[in-house]
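Engineer: Shown below is the structure under consideration.
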């Protein structure tokens with residue numbers, strides 16, 4: 001499948017948020033010429049480094065499954081459009097700094113703005129899902145608190161068990177688990193120091209107590225095992241996880 005990409009600027013309370021769009025382009029296939037065809041939308045939330053090449057390749061995978069994929073720049077209020085932090089100490093430090101100085105109310109407002117923009121995008125049919133990795137796993141979870149989100153895949157979401165995302169470290173994500181109406185896919189690496197066993201148990205208990213409809217998967221894998229570069233990448237587990245997410249979204253979107 002041919003994938004076309006573009007950029008849009010979403011208006012938020014803290015300025016314009018550059019968002020990258022990836023969607024199927026079937027115009028070259030005579031048997032698939034349906035200009036009026038609308039597709040489900042999928043918001044992909046990145047790691048703390050914003051849209052790196054591995055994140056873009058992940059977006060392309062989901063777009064190839066038939067979704068309009070939106071990748072927002074979550075640090076837009078503090079970094080210039082197009083900013084990509086490096087997979088090095090400086091990039092990691094800056095990403096961890098930024099996720100602590102943005103208020104949860106700002107994160108949530110940006111999430112809502114992205115959902116509403118994607119729902120009204122001409123090629124979208126209004127059905128929306130969310131997927132995220134690392135920091136993005138937590139932001140995808142926050143998206144799931146909105147009734148518009150029909151399905152969410154969270155891959156090793158950081159700071160979810162501790163509530164330490166955002167300015168002041170007061171994220172109420174697990175306390176609001178009852179707000180989740182869509183189906184959830186939760187995936188973790190057992191060798192991930194950012195979400196240790198007691199943290200995973202805390203998340204599981206909160207979802208179970210709230211009556212959330214979810215599936216739970218743990219693999220012998222390190223943090224960032226989906227990132228297709230670097231020594232922590234596990235292609236076998238990654239392939240299985242993409243399949244799980246594909247099944248989730250196909251079933252709900």
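Engineer: For a quick check, take a GNM of the chain with Cα springs below 10 Å and name the residue from 84, 115, 71 with the largest mean-square fluctuation.
Structural biologist: Evaluated over the chain, the most mobile residue of the options is 84.
Engineer: Quick one: compute the contact order of the stretch 128-247, relative version, from alpha carbon pairs under 8 angstrom and 6+ residues apart, as a percent.
Structural biologist: On the way: 225 pairs, mean separation 25.6, N = 120.
The value is 21 percent.
Engineer: Taking the DSSP beta bridges in the chain as the whole, what percent of them are antiparallel, to the nearest 5?
Structural biologist: Working: 15 of 41 bridges.
Roughly 35 percent of the DSSP beta bridges within the chain come out antiparallel.
Engineer: What distance in nm separates the two pseudo spin-label positions at residue 8 and residue 228, each 7 Å out from Cα along the beta-carbon direction?
Structural biologist: About 2.5 nm separates the two model spin labels.
Engineer: Calculated from DSSP H runs of 4 or more alone, at -39500 (n - 2.57) each and per residue, what is the 222 nm mean residue ellipticity of the chain, nearest 500?
Structural biologist: Helix-only estimate at 222 nm: -10500 deg cm²/dmol.
Engineer: Now for a separate question. Where in the stretch 180-199 is the amide nitrogen less than 20 Å from a point lying 7 Å along the Cα-to-Cβ axis of residue 247?
Structural biologist: Hits in the stretch 180-199 for residue 247 at 20 Å: 182-190.
Engineer: Ranking 142, 251, 18 by Cβ neighbours within 10 Å, fewest first, what do you get?
Structural biologist: On the way: 142 27, 251 10, 18 20.
Ranking 142, 251, 18 by Cβ neighbours within 10 Å, fewest first, gives 251, 18, 142.
Engineer: Let me ask something additional. Calculate, in nm to one decimal, what residue 178 and residue 101 gain on full extension: separation in residues at 0.36 nm each, minus their alpha carbon distance.
Structural biologist: Details: separation 77, 0.36 × 77 = 27.72 nm, distance 2.67 nm.
Additional length available on full extension: 25.1 nm.
Engineer: Right, something else. How high is the relative contact order of the stretch 106-148, in percent, counting Cα pairs under 8 Å that sit 6 or more residues apart?
Structural biologist: Working: 28 pairs, mean separation 17.0, N = 43.
Across the stretch 106-148, relative contact order equals 40 percent.
Engineer: Same structure again: Can you sort 152, 158 by how many other beta carbons sit within 10 Å, fewest first? Could you put the intermediate results ahead of the total?
Structural biologist: Details: 152 30, 158 23.
So the ranking, lowest neighbour count to highest, is 158, 152.
Engineer: Is the shape of the chain best called rounded, prolate or oblate, per the rule: a/c under 1.5 gives rounded, else a/b larger than b/c gives prolate, else oblate, with a ≥ b ≥ c the square roots of the Cα gyration tensor eigenvalues?
Structural biologist: Numbers: a/c = 1.38, a/b = 1.28, b/c = 1.08.
Rounded, because the longest to shortest axis ratio a/c is under 1.5.
Engineer: Looking at the stretch 109-197 only, what percent of DSSP beta bridges run antiparallel? Nearest 5 please. All intermediate terms of the calculation are to be shown ahead of the outcome.
Structural biologist: On the way: 0 of 11 bridges.
Taking every DSSP beta bridge within the stretch 109-197, about 0 percent pair in antiparallel fashion.
Engineer: If you stretched the chain out fully between residue 239 and residue 167, how much longer would it get, using 0.36 nm times the residue separation minus the C-alpha to C-alpha distance? Walk me through the numbers on the way to the answer.
Structural biologist: Values: separation 72, 0.36 × 72 = 25.92 nm, distance 3.48 nm.
So the chain would gain 22.4 nm between residue 239 and residue 167.
Engineer: Now for a separate question. Once the Cβ-Cβ distance between residue 220 and residue 93 is put in as r, and R0 is 25 Å, what FRET efficiency do you end up with, to the nearest 0.05?
Structural biologist: On the way: r = 29 Å, r/R0 = 1.14.
Calculated transfer efficiency: 0.30.
Engineer: Between the stretch 40-66 and the stretch 114-173, what is the C-alpha centre distance in whole Å?
Structural biologist: One Cα centre to the other: 13 Å.
Engineer: Mean separation of Cα pairs under 8 Å and 6+ residues apart, divided by the residue count of the stretch 2-252: what relative contact order is that in percent? Spell out each step's value before the answer.
Structural biologist: Numbers: 514 pairs, mean separation 40.7, N = 251.
Reported relative contact order: 16 percent.
Only the coordinates and a few stated rules stand behind these numbers; no lab work does. This one's a predicted model, so the numbers in the text were calculated from it and none came from an experiment. In this analysis, Cβ positions are derived from the backbone assuming ideal geometry, glycine residues included, and neighbour counts consider all displayed protein chains.
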